[in-house]
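Accompanying notes for the structure given below.
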Amino acid sequence: MHPLDLPFVRSAHDRAAHRRTDPRLVDDLLKDPATRLLLLDGDTVATAGSRVALLAPDDVAHLAVRTRLFLGEADGVAYLAAVLDGSGSAAGPDLGWTGLRTLDVPDLDQGLAVEAIALAQWHASHTHCPRCGTPTEVAQAGWVRVCPADGTHHFPRTDPAVIMAITDADDRLLLARGPQWATDRRSVLAGFVEPGESHEQAVVRETAEEVGVVVDPATVEYRGSQPWPLPASLMVGFRARATTTSLVRQEDEIAEADWFTRAELGAAIAEGRLSPPGRASIARALIEEWLGGPAGA
Ligand SMILES: [Zn+2]
């Protein structure tokens with residue numbers, strides 16, 4: 001079976017990790033007029049029309065930049081991200097600012113933007129050494145932070161989370177609603193992998209904790225993964241078969257949970273009684289794989 005086709009795993013550049021150890025890399029690239037920079041401000045990226053704005057060094061020289069990150073190269077062009085300090089409006093009135101959920105751009109732009117946002121999120125929340133508390137310094141073109149007091153190196157983190165389409169013996173799908181969600185929204189279950197645990201064990205444990213359903217570990221099947229870098233998740237998608245159907249909700253995590261046949265879910269969506277997850281989500285892809293077609297218009 002092919003893995004799922006997922007929106008945030010598109011890219012068209014080479015990260016060229018071997019170049020990161022060159023201490024002059026970023027300075028040299030900023031002197032090269034062929035270099036292109038992507039601008040980040042908070043969790044948004046600068047866009048121009050239907051593309052991510054990819055600007056020449058001279059176009060952004062006037063901006064206050066907090067961190068510069070080397071993203072990689074494609075077709076002989078090197079790409080950097082410039083992380084701004086809330087000063088995006090100074091970049092000019094022609095630019096829009098777009099978050100990941102609504103970013104619909106070519107593969108090259110998509111891959112650069114996801115990498116840049118993920119790396120920038122890590123820098124924003126890992127400013128100090130976890131061993132001694134000293135402020136750390138950016139090294140290796142943005143791919144390491146080094147503690148000047150004890151010399152330790154700290155690398156960007158990714159936190160795995162499992163997301164799972166659980167079906168019962170009649171092939172009904174389990175959908176639930178989080179307490180903070182709109183009353184018509186439903187999705188598949190998800191949760192973070194805990195230390196010392198495999199993905200498969202997390203699928204079984206989270207399902208039991210959230211809705212009291214027992215999953216047969218032998219049926220847990222990997223379907224694909226995609227980054228969700230706000231702040232640092234890698235969503236790892238599975239499907240699995242439950243051996244029980246009685247639902248006992250963990251009330252602070254799950255407001256509603258139900259089993260759906262394909263006909264029931266299709267009708268609920270068509271009649272506007274139920275909203276599926278957004279198109280950019282792996283949850284939507286898992287639901288549509290089970291459904292055998294699009295979940296809504
Ligand atoms: Zn330290």
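Here, each number is a calculation from the coordinates, and none is a lab measurement. Values in this document were obtained by computation on a predicted structure and should not be read as measured data. With ideal geometry, Cβ positions are generated from the backbone for all residues, glycine too; neighbour counts draw on all protein chains shown.
Details
- Applying a length cut-off of 20 Å (Cα extent along the axis) and a mean Kyte-Doolittle floor of -0.5 to the DSSP H helices of the chain leaves 107-125.
- The Cα atoms of the stretch 144-297 cover 61, 33, 29 Å along the three principal axes, with the biggest extent listed first.
- Distribution of pairwise C-alpha distances over the chain, 5 Å bins, in %: 1, 5, 11, 13, 15, 13, 11, 10, 9, 7, 3, 1, 0
- Total charge dipole magnitude, the stretch 1-151, about the Cα centre, Cβ charges on Lys, Arg, Asp, Glu only, Debye to nearest 20: 380
- Excluding exposed DSSP-loop GluC sites (Glu not before Pro) (at most 16 other C-beta within 10 Å), longest clean stretch of the chain: 1-196
- Sparse packing (at most 14 other Cβ atoms within 10 Å of the Cβ) combined with a DSSP loop state is found for the following trypsin sites (Lys or Arg not before Pro) in the stretch 94-162: 131, 157.
- Pairwise Cα inverse-distance average, inverted: Kirkwood Rh of the stretch 210-297 (Å): 14.8
- Shown here for the stretch 235-297: trypsin sites (Lys or Arg not before Pro) in loop regions (DSSP other than H, G, I, E, B) with at most 11 other Cβ atoms within 10 Å, namely 273.
- Least to most buried among 281, 11 (fewest other Cβ within 10 Å first): 11, 281
- Within-9-Å neighbourhood charge of residue 126 [Cβ basis; K, R +1; D, E -1]: +2
- Qualifying trypsin sites (Lys or Arg not before Pro) for the stretch 23-74 [loop in DSSP, other Cβ within 10 Å: at most 13]: 24
- Given charges at beta-carbon only (K, R positive; D, E negative), |dipole| of the chain in Debye: 320
- Projecting the Cα atoms of 290, 126, 71 onto the dipole axis of the chain, where Lys and Arg carry +1 and Asp and Glu carry -1 at the beta carbon, places 71 farthest toward the positive end.
- Three-way shape call for the stretch 49-127 based on the alpha-carbon gyration tensor, with the a/c threshold at 1.5: rounded
- Of 39, 83, 3, farthest towards positive along the dipole that unit charges on Lys, Arg, Asp, Glu beta carbons give the stretch 1-91: 3
- Unmatched cysteines, the chain - criterion: no other Cβ of a Cys under 4.7 angstrom: 132
- Between the listed residues 280, 147, 259, the Cα displaced farthest toward the positive end of the dipole of the chain, a dipole computed from Cβ unit charges relative to the Cα centre, is found at 147.
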